Each structure stands twice: as C-alpha cells, then as structure tokens.
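Please read the structure below before turning to the comments.
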Amino acid sequence: MEITQAQYEQIEDLFPRQRGNVKLSNLDVLNAILYVAEHGCKWRGLPKRFGNWHTIYTRMNRWAKSGVLDHVFAELQRQQIIRVRVEAVSLDSTLIPVHPDGTGAFKKNGPQAIGKSRGGWTTKLHLVAADARYAVTFALSPGQAGDAPEGRELLSEHRLEAEYLIMDKAYEGDETRQLVMDLGMTPVVPPKANRRAPWSFDRTLYKKRNEVERLFRRLKGFRRIFARFDKLDVVFTFFIHFALIIEALLSVNRP
C-alpha cells in the first residue's frame, strides 16, 4: 500500500511547507510512515529506499507534537472527505496491548494513557464511528479506565451531528443515557438484565453497532496500532489519526 500523488494532492496544502535543501518530500515521508504503520517495524528498520530513517522520524515527531494530523483530520471532515453528517453514530472502546518499548515515558514526560488491566499494560481507545470506514472522534485512556466515564467525557468534548447514538451495555447507565439525550440524540442501547424497569430500543438500528467493531478491525490492520510501541500519547495519537486519514483517502474511490 502507498499514497499516490493524486491522493496526496487532496491534503498537500495542509502540511507545513518544505524550506531549504530538503531531499525528502512530504509524500516520501508519508509513505515511509505508512510502511512503519503497516508493518510495525522500528524506525531503524525502514528499508533504505525510503531514505534516511532519522530524517523521517524527526519530521514525523515534529508533526506529531505540533498537531499537524489533528488539523488534517479536522479539515477532511470539514470538506466531507471524511463523512460525519449521518443519521446514527456508534460509541465503543477497544484495548490495545502496550509493548515493553512503549512504557517508561512518565519519568520524563508525565502520565500517559497506559495502565494495567487484566491483559497487562494496555491503552484503551475510545471511538465514535460514523460507519465501518469513518471515525468522528476518539480519545485514549489507561487500559483500566471504565468505558462509561471516558465515553461521557468524549461526548461532552465533541459536538455530534447525529440523531441516534448506538452503544453497548457498558454505556447503559442513567448518567450516560441522560447526557446523550441532553446532547440532542436518542440513545440506542439495550438495558442490562438486572434493570428493574427495562426500556425498549430499536433492535434493527442496534445491529449497526457492528460498524464500530469493523472500524476497530480496520485500524488494527496497522500493526503500529494493533500494539502500542510509542511511549508518548501524542505519537500514538499521531498513528491513529494517520490510519484514519489513510483509510479515508483510500475509501474515496471505493464502491
């Protein structure tokens, strides 16, 4: 897989201008990052055809810390290349194991979204999906964090333009459902079996919840997301934004 010139031209103006005697174009760097994201290799393991690995890593790190891909992702949404105006969106989370190389950053950089759960050191990715290909927004938390509190925080920080919000039973608490209604959406979530006053919900619409699971599956096709190798949240977030942008660009010409 690689980013073509035509695909790159859709986002070219959103990247910092290259100045001076620069041997590697932004497209060259993006394709090198794509290789790392897909294969999960170390930066030093980049094939030589991509150029000097340290130059590529330095530019990636600069983009990550300055929020370049946050801006690209937001702009693609504004242009509707990433579609977010839909009838229903889905909220869910997934655990991502943290490689030993990804631990230890708190000593110099403070707490990161890494914690211990039953699976060991993990990061939890909370995501609102428009469908099986497009994400609306996401956030990271330590692996042991509860779904509902983190989900409410994510919903509160991002205005969703949808009529329905589809969720699984982890989000069926009164506080979460009330927040969804306060935000102008209808919660589509099954009640737990021990609810004294269970409610009815649209079972047909609820079947669309599998779309967020399918999106998680697409993201975890990138080995750099399937497991976390990055110590800093800002760099791991960069790879998630990167994967979502790549999926959006590749999906434009799909049926």
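At-a-glance table
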| quantity | calculated |
| --- | --- |
| Accessible surface of the stretch 198-255, 1.4 Å probe, proportion on carbon and sulfur as whole % | 52 percent |
| Exposure ranking of Phe216, Phe50 by accessible area [1.4 Å probe, largest first] | Phe50, Phe216 |
| Mean accessible surface per residue for the chain, computed with a 1.4 Å probe while every protein chain stays in place, in Å² | 53 Å² |
| The stretch 43-177 - convex hull of alpha carbons, volume per residue in Å³ | 158 Å³ |
| Globularity index of the stretch 1-54, i.e. its alpha-carbon radius of gyration over 2.2 N^0.38 Å | 1.17 |
| Relative packing of peptides 188-195, 232-239, 61-68 - highest average C-beta neighbours within 10 Å first | 232-239, 61-68, 188-195 |
| Förster-model FRET efficiency, 51 Å R0, Asp70 and Arg196, C-beta, rounded to 0.05 | 0.70 |
| Viscosity 1.306 mPa s, 10 °C: Kirkwood-radius Stokes-Einstein D of the chain over Cα pairs, µm²/s | 82 µm²/s |
| Values of log10 I(q)/I(0), in the order q = 0.18, 0.21, 0.24 Å⁻¹, for the stretch 1-96 under a Debye, Cα-only, solvent-free model | -0.98, -1.21, -1.38 |
| Inter-probe distance in nm under a simple model that places probes 7 Å from Cα toward Cβ, at Arg118 and Phe226 | 2.3 nm |
| Over 29 Å between alpha carbons, listed pairs Lys48/Lys124; Lys23/Lys124; Lys42/Lys116; Lys124/Lys169 | Lys48/Lys124; Lys23/Lys124 |
| Selection from Val136, Phe222, Pro190 lying farthest towards where the dipole of the stretch 126-236 points positive, charges on Cβ | Phe222 |
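The values are calculated or read from the model by the stated rules, or taken from the named source; none is laboratory data. These numbers come from a predicted model, not from an experiment. Virtual Cβ from ideal backbone geometry, glycine too; neighbours counted across all protein chains shown. Just so you know, the surface numbers come from the protein's heavy atoms only, side chains and all, with ligands and any DNA or RNA stripped out. Shrake-Rupley method; radii C 1.70, N 1.55, O 1.52, S 1.80 Å.
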